[in-house]
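Quick notes on the structure that follows.
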Amino acid sequence: MQASLRCIAQSCGAHFGIEEVLYNCPKCGGLLEASYSGSFAPANELKRTFLDRRLSNAPLDQSGVWRYRELFPFLDDVSHVVTLREGNTPMLDGPIAAAYGGLDRLTFKHQGFNPTGSFKDNGMTCGVAQARRLKMTRVACVSTGNTSASMAAYAAAAGLEPLIFLPHGNISFGKLAQALEYGARTLQVEANFDEILALVRVLAERLGIYMLNSMNPFRIEGQKSIVIEMMDQRDWRAPDWIVLPGGNLGNTSAFGKALRELHALGFIDKMPRLGVIQAEGSAPFYEFSQRHGEGAFRAIAKPETLATAIRIGDPVSWPKAWHEVQVSNGVVEKVTEQEIADAKAQIGRCGIGCEPASAATLAGIRRLTAAGTIAHDADVVAVLTGNVLKDTDYIYRYHTGQLEAPGGVKIDSKFGNQPIVVPNDPDRIAELLS
Ligand SMILES: *Cc1c(COP(=O)(O)O)cnc(C)c1O
Ligand SMILES: [Zn+2]
């Protein structure tokens, strides 16, 4: 098996060595992806191998990413891998959420069960393995969110130094707390996100730091395992739809690549359609899809949403993601802050819970069934991207009627659940509970 980095720009398609430290195509600036030539083992043989590995105590086999390593064979030597037993996330039925979304049945694939609480772990274990293979000692990302939490954990476990760059005064405390706990050196820069990204690129080159931002092609390879594991858990029966939130669109790119590859290799016999859901105030990809991809992609200068994990105005992976939406006959939808908040409470009522960005999936499904795009009896999997405890401030505010959308618009706590103050009096409490 031969692995290389390939430029995805149709007019270019240049190949580069898999050990070159590249984030964009040096010829045209296009996005790069891992590309393989050579023959894969037959699908039935690999399915058997994946199943057998569930009985194994070997760390790599216990990982819900590396169990499927034959499907992203970019490493020359698996001794570079550090695993925290990422993946292995459950498929959960949510009947209350299904009814709310206008479906007979709905299954959630819950990536919030990952070691650091988000799907970023699926990709980060691969990005960090590549960093070790390249003999890098420091890794960096620009992020206040789940990427920094995940990178910090994997770098720490691998004995690398994690560096996190973030805009000064623009911090998400829950997620930053994880990064600090895992020992990341955290630098707050007096600049905006794009300026910091440019700065880190200069520093990365000068100081030999490996960048693990969202355009890193090896993170995308790892995120393919979300779909691969999902199909394994469904005995390789592809659903009609896979619905996910869209921010930087790395996950959309990874899901589409995984589905195309699984289909081409004979693991699944049909392509599910992708449903990508954006928050109304951060929906450049939705807007682009409404124009059927005609004209230039228009970034949003000031993206707004309380779902901070998808508050992205200029998504780096949009060219890949647009290709995947088209190939899968997918759709892009947008939802309001109120719709996200209510959908999130409904997912909570299933005993499942998730972070705000994840709940955009159910809000989007509700819209798409109402429009007749998704049939009520369709077989749908929604991917919950992050853990309920990532953003407890949002939850408390919603349930106590204090949640405000950007611009000060009050969110109606339709499914609010206020704590009740009671006197120390059994009669009064019994009366209240009867
Ligand atoms: C990163 C993230 C997203 C957005 O994923 P993209 O690949 O950037 O589109 C959504 N939800 C959560 C919880 C995330 O951490
Ligand atoms: Zn190119």
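Tell me yes or no: at least one residue of the range 175-193 is among the polar types (S, T, N, Q) and either farther than 25 Å from Asn122 by Cβ or out of contact with any helix residue (DSSP H, G or I) (no Cβ under 8 Å at 6 or more places or on another chain) (or both).
Yes.
Pairs, please: C-beta under 7 Å, at least 6 apart or cross-chain, first residue closer than 12 Å to Asp121 by Cα and in the range 218-238, second acidic (Asp, Glu) and surrounded by fewer than 24 Cβ atoms within 10 Å (Cβ to Cβ)?
Partner pairs satisfying both residue conditions: Ile220/Glu33.
Which members of the range 253-309 meet the condition of being of a type in the set (Val, Ile, Thr) and either in a helix (DSSP H, G or I) or over 30 Å from Gly38 (Cβ atoms) (or both)?
Across the range 253-309, the qualifying residues are Val276, Ile277, Ile300, Thr305, Thr308.
The conditions are (1) aliphatic (A, V, I, L, M); (2) farther than 19 Å from Arg69 by Cβ; (3) more than 12 Å from ligand 1 (Cβ to nearest atom), and Ala279 fails exactly one of them. Which is it?
Of (1) aliphatic (A, V, I, L, M); (2) farther than 19 Å from Arg69 by Cβ; (3) more than 12 Å from ligand 1 (Cβ to nearest atom), only one is false for Ala279: (3).
Go through the range 376-434 and give me each residue that's of a type in the set (Gly, Ala, Ser) and either touching a strand residue (DSSP E or B) at 6+ places or on another chain (Cβ under 8 Å) or exposed (fewer than 13 other Cβ atoms within 10 Å of the Cβ) (or both).
Looking only at the range 376-434, we keep the residues that are of a type in the set (Gly, Ala, Ser), and these are 378, 382, 386, 401, 405, 407-408, 413, 416, 430, 434.
Result: Ala378, Ala382, Gly386, Gly401, Gly407, Gly408, Ala430, Ser434.
Would you point out the residue of the range 293-345, among those that are free of Cβ contacts under 8 Å to residues at least 24 places away in the same chain and of a type in the set (D, E, K, R), that is farthest from ligand 1 (Cβ to nearest atom)?
If we take residues in the range 293-345 being free of Cβ contacts under 8 Å to residues at least 24 places away in the same chain and of a type in the set (D, E, K, R), then Glu294 is farthest from ligand 1 (Cβ to nearest atom).
Give the residue, chosen from Tyr36, Tyr23, Tyr68, that is surrounded by 15 or more Cβ atoms within 10 Å (Cβ to Cβ) and within 23 Å of Val139 (Cα to Cα). Steps first, please.
Details: Tyr36 fails: within 23 Å of Val139 (Cα to Cα); Tyr68 fails: within 23 Å of Val139 (Cα to Cα).
Matching residue, one of Tyr36, Tyr23, Tyr68: Tyr23.
For residues in the range 315-336 being assigned to a loop (DSSP other than H, G, I, E, B) and within 16 Å of the chain's Cα centre (by Cα), which is nearest to Met271 (Cα to Cα)? Lay out the reasoning, then the answer.
The first filter runs over the range 315-336 and keeps only residues assigned to a loop (DSSP other than H, G, I, E, B), leaving 315-317, 328-330, 336.
From what's left, within 16 Å of the chain's Cα centre (by Cα): 315-317.
Numbers: Pro315: 25, Val316: 25, Ser317: 21 Å.
Step by step, filter the range 315-336, then rank; the result is Ser317.
Read the figures in this text as sums done on the coordinates, not as results from a lab. Fair warning: this is a prediction, and the values are worked out from it, not measured in the lab. Backbone-built Cβ (ideal geometry, glycine too); neighbour counts: all protein chains shown.
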